[in-house]
């Protein structure tokens with residue numbers, strides 16, 4: 001499970017790196033972040049004939065959640081690589 005705050009921060013950094021004039025396609029980076037918050041904050045599921053609101057993480061198997069997790073891990077990995085590069089350390093996976 002990825003932390004919501006960290007995932008949104010990573011998404012923001014990723015979007016700003018790949019945006020042209022703070023826009024990706026027809027959406028601004030801020031709109032993308034607001035839509036991501038909407039998806040994460042309104043995730044509900046049905047279990048045993050009862051509805052529940054998911055309060056941590058995202059829906060498993062959701063294409064958006066998988067993409068967000070990949071972006072989060074990419075940003076985390078880039079930060080780690082930079083940290084290790086500054087200390088002449090080696091990173092591999």
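Please treat every number below as a calculation from the coordinates, not as lab data. These numbers were taken from a predicted model, which means no experiment stands behind them. Positions of Cβ are backbone-derived with ideal geometry, glycine not excepted, and every protein chain shown enters the neighbour counts.
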Item to complete: Apply 1/(1 + (r/R0)^6) to the Cβ-Cβ distance of residue 49 and residue 27, taking R0 = 35 Å, and write down the FRET efficiency to the nearest 0.05.
Response: 0.40
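Using the number of other C-beta atoms within 10 angstrom as an exposure proxy, rank 51, 91, 12, 72 with the fewest first. Show your work: numbers first, answer last.
Working: 51 8, 91 11, 12 17, 72 20.
By the 10 Å Cβ count, ascending: 51, 91, 12, 72.
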Fill in: Gaussian network model of the chain, springs between alpha carbon atoms under 10 Å - residue of 70, 30, 49 with greatest fluctuation
49
Worksheet item: Going by how many other Cβ atoms sit within 10 Å of their own, how do 45, 64 line up, fewest first?
Response: 45, 64
Fill in: Three-way shape call for segment 4-83 based on the alpha-carbon gyration tensor, with the a/c threshold at 1.5
oblate
Worksheet item: In what order do 8, 80, 90, 68 fall by count of nearby beta-carbon atoms within 10 Å, going from fewest to most?
Response: 90, 80, 8, 68
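Which value in deg cm²/dmol, rounded to the nearest 500, describes the helix-derived mean residue ellipticity at 222 nm for the chain, given -39,500 (n - 2.57) per DSSP H run of n ≥ 4 and division by the residue count?
Numbers: 3 runs with 52 residues, N = 93.
Calculated at 222 nm, the ellipticity per residue is -19000 deg cm²/dmol.
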Item to complete: Extending each Cα 7 Å along its Cβ direction at residue 59 and residue 82, get the distance between those two points in nm, one decimal.
Response: 3.3
Worksheet item: Which residue, 26, 79, 62, has the most motion in a Gaussian network model of the chain that connects Cα atoms within less than 10 Å?
Response: 26
